[in-house]
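J.: To start, I am sharing the structure in question, which I have written as structure tokens.
Here, each number is a calculation from the coordinates, and none is a lab measurement. All of these numbers come straight from a predicted model, not from anything done at the bench. Quick reminder, even Gly has a Cβ in these numbers, built from the backbone with ideal geometry, and neighbours come from all protein chains shown.
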Amino acid sequence: MRLITYTQGADPRPGLAMNDVLGLDLMAAAPALPGNWHALLPDLQPVHTVHQVHAASTDDMAARLAAGDSLPAPWFALADARLLSPVLLPSKIVCVGLNYRDHAEEQNKPLPERPLLFCKATSCLQFPDGPIMLPEDLTRVDAEAELAVIIGRPGRRIARADARDHIAGYTCFNDVSDRQAQYADKQWFRGKSMDTGGPCGPWIVTSDELPDLASGLAIGCRWNDEVMQSSNTEQLIFPVDVLVEHVSRNMTLLPGDIISTGTPGGVGIYREPPVFLKPGDTVTVEIEGIGALTNPVTRWEP
């Protein structure tokens, strides 16, 4: 399943992307279900049931949409909705530094012995197609394609063997980074937490739709028409189950929390000469089996 949060001019609502053109309003399809993913993620079986019941009508609804007919509730056209970040208010966004072999190689750094963790402020989240807004004094801003894990069931000190039971699914994440702040501060929180610097989406693909632990997926990033990053999640130094175990040793993971698993080689700062985002650019993070997350780059306006 592809889990979305969307709006059509009203409050955000949980829904399902049934294909590339059709959405299903969960609150209309099953009014007894909770109205947000934080409550739904710990037990996705009722959502699976709703999906299965309506899956048989998907082709008919797609044909009606193509013919220009109106769609009955709970169906809607994805083009008529605004997709938001799939989870809106995670308690934390935990990121992993230096977790791809090719990213370590481009920096001539040895592979880390344990995951290197840092956090992004949750206020950085940006929706698909939403602008990455750069103030005039930020001239060394980079983009990083990442596979993000979405936690479904809460847990503390989760054993590696049990990690799968706590993962709802996966999405695309762009770890936009203000390199000036990152290196000036000697730690990463401010440089990684700029407003609009956490594009996320377009949806959560549930674990059953992907290879085990999302391994073996092509991952890449394009700036405009140029391929900047092209790798595979097999390059992860610490796979997803190790990360869930490691993070949960010190903190309780809650439904909707995001673990962004690190970026592969090819980021702008390690190119010769370095390149950085500028207003007018468009950045796309794409992961095999999940989809594409595209955001324009604009000048920040108060």
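J.: Return the residues of the stretch 204-216 that are over 11 Å from ALA148 (Cα atoms) and in a strand (DSSP E or B); say none if nothing qualifies.
T.: THR206 - this is the single residue of the stretch 204-216 that is over 11 Å from ALA148 (Cα atoms) and in a strand (DSSP E or B).
J.: Out of the stretch 147-167, which residues are closer than 11 Å to SER207 by Cα, surrounded by fewer than 24 Cβ atoms within 10 Å (Cβ to Cβ) and of a type outside the set (Val, Ile, Thr)?
T.: Within the stretch 147-167, ARG164, ASP165, HIS166 qualify.
J.: Is it true that some residue in the stretch 176-193 is part of a strand (DSSP E or B) and on the phi < 0 side of the Ramachandran plot?
T.: Yes: the stretch 176-193 contains one or more residues that are part of a strand (DSSP E or B) and on the phi < 0 side of the Ramachandran plot.
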